[in-house]
Every structure is written in structure tokens, then in C-alpha cells.
Amino acid sequence: MNKPRRPVLVVIPAYNEAATVAEIVRRVIAHAACDAVVVNDASSDDTSAQAHAAGAAVIDLPLNLGAWGATQTGMRYAQRNHYATVATLDADGQHHPESLPAMLGALEQDGVDVVIGTYTQRLSVAKRVAWWYFRLLTGLPVQDFTSGLRAYSRRAARALASREASLLDYQDMGVLMLLYKKGFHLRELPTVMSPRKSGMSRVFASWFVVARYMLHTTVLCFARLDVRGRIAQRVVSRAGAGA
């Protein structure tokens, strides 16, 4: 006998976010009417207790797995507990849980597999250049590659819970490339975001980090999306057009 599918699970990866995680959990429960699981990525502060007190289920990881390792743990929790849809958002206060109903509605009504909440006004000149470069390289129809505010269909969530999706380098790009290569349909939805309340961007913390991100992600693009084949095809097409 098949178990009935449960509604939406919101996965919140968190590392040392005791100052903000409780508020995020309460807003998810109040405004999105969703279950919430906080994946505590071996935090050294009170993140776990704060999340639990706010009403979330909590998974405490014994080792720090990073953003994607924590997120995929939540994806696998969703699969085991028969949730039909999975959404993700960060615990640092940037994402507004009030955006989730619109994203979940778009996921269902538009027949897409992934809805990405974006706020392009937050993109610096460096990010705009970087994202233009990666759109050119990958063909991904996405304006913002690093938004952690996303909603996934059951099929997409199952793909991301698989072994194939484990240990993805730079989870934001890696996740999108994996889904794109498998033919999943992606859509972006404009949302509101706030500046992070503490800390700094893990990708744009310094020019050294930016350079490392660009280099590693370029290698990832060539490895996962057959970029060489795509570039060769473009060259042939342009040559044929000019003949």
C-alpha cells in the first residue's frame, strides 16, 4: 500500500545562524503553511535549539558538509517522509518566507520543475559580469545562479537526493547544471530579498574567492555540460550562416 504524499517541506540549511533561524522558521510556518526542517551543519552556536524551539524538525549533522551537503540531507529527508514538493531558503534572513506561496503556486500552475526566487537589484557589477559569462558558457536561462530560494517538483527533488547529485562542487551552479542536463524546466520568479544580517557572501567575499569560484565553476561547466561540443556547434553554425 502506497503511503499518501505529504504537502510541502521547506529545507533550511544553517551554519551558526542562531541569531536569525528561529524567526525564519516561524515565518515559514505562519505564512507558507509548510513543514520546516532545519539542517544544522555542525554549528558551534545555538542554531539547533533555536530552530527546534521555533517549531522546526532539526537534523544535526556531526560534521560540517557545506551548503549543498546540508541541503541534500534535507532533500533525502523529504524523500523518506513522502513530501510531494520541496522548497529551500537560507537561514540568514535574506530570503522572505512570505515569497514561498507565490513560488509554490508558479511551480504547480506553470508545469515547471524548478522555480528560483530572484532579486536582480541585489546583483553587483561583478556578479552581473560573472553571470553573463556563465550564461554564455552553459546556456542556462537563469539571471541569478546563487539564489538559495527555490522550489522543486517531486521529480526534481528526487533527482537532487540521488547519489549522482552528491558532492556537487559549488552547489548553486552544480544543481542547476545537473537539472538542466536532465531536461528539467526552470523558471525564475521576481521576489524581494533583504541584505544579510551578518557575515558575507561565500562567493564574493574577496577577489581571490571570486577568481577561485570562476576557475572551479568553469571547469565544472566543461566537465558536466559538454561545453566544448556546444562551442564547436556554434562556430559551425556561424560559419554556415556566413557562407
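The values are calculated or read from the model by the stated rules, or taken from the named source; none is laboratory data. Just so we're clear, the structure is a prediction, and the values are computed from it rather than from any experiment. So basically every Cβ, Gly included, is an ideal-geometry build from the backbone, and we count neighbours across all protein chains shown. Protein only, heavy atoms only, side chains kept; ligands, DNA and RNA dropped before computing areas. Shrake-Rupley method; radii C 1.70, N 1.55, O 1.52, S 1.80 Å.
Remarks
- Ala67 meets each of the listed conditions (1) at pLDDT below 95; (2) over 18 Å from the mean Cα position of the chain (by Cα); (3) under 18 Å from Ser166 (Cα atoms) apart from (2).
- When the residues of the range 72-121 are filtered to those that are hydroxyl-bearing (Ser, Thr, Tyr) and touching an Asp or Glu at 6+ places or on another chain (Cβ under 7 Å), the one that is farthest from Trp132 (Cα to Cα) is Thr118.
- Restricting the first member to the range 153-172 and to residues that are more than 21 Å from Val10 (Cβ to Cβ), and the second to residues that are of a type in the set (S, T, N, Q) and at pLDDT 85 or above, the beta-carbon pairs closer than 7 Å and six or more apart or on different chains are Ser166/Gln72.
- Test result for Ala78, assigned to a helix (DSSP H, G or I), open to solvent by less than 10 Å² (accessible area, probe 1.4 Å), out of contact with any Pro (no Cβ under 7 Å at 6 or more places or on another chain) and at pLDDT 95 or above: yes
- Hits in the range 52-65 - residues which are touching a residue at least 24 places away in the same chain (Cβ under 8 Å) and either aromatic (Phe, Trp, Tyr) or surrounded by fewer than 18 Cβ atoms within 10 Å (Cβ to Cβ) (or both): Ala53, Gly55, Asn64
- Residue match in the range 186-198 (condition: surrounded by 12 or more Cβ atoms within 10 Å (Cβ to Cβ), of a type in the set (Asp, Glu) and modelled with pLDDT under 65): no
- Residue tally, condition assigned to a loop (DSSP other than H, G, I, E, B) and in contact with a helix residue (DSSP H, G or I) (Cβ under 9 Å, 6 or more places away or on another chain), over the range 81-96: 7
- When the range 93-111 is filtered for residues that are crowded, with 18+ Cβ neighbours inside 10 Å and more than 14 Å from the chain's Cα centre (by Cα), the ones remaining, listed by number, are Gly93, His96, Pro97, Ser99, Leu104, Leu107.
- Residue under evaluation Ser201, criteria (1) at pLDDT 90 or above; (2) assigned to a loop (DSSP other than H, G, I, E, B), criterion not met: (1)
- Taken across the range 6-19, residues that are more than 16 Å from Gly93 (Cβ to Cβ), open to solvent by 80 Å² or more (accessible area, probe 1.4 Å) and of a type in the set (Lys, Arg) do occur, with at least one present.
- Any hit, the range 38-51, residues being touching an Asp or Glu at 6+ places or on another chain (Cβ under 8 Å) and at pLDDT below 95: no
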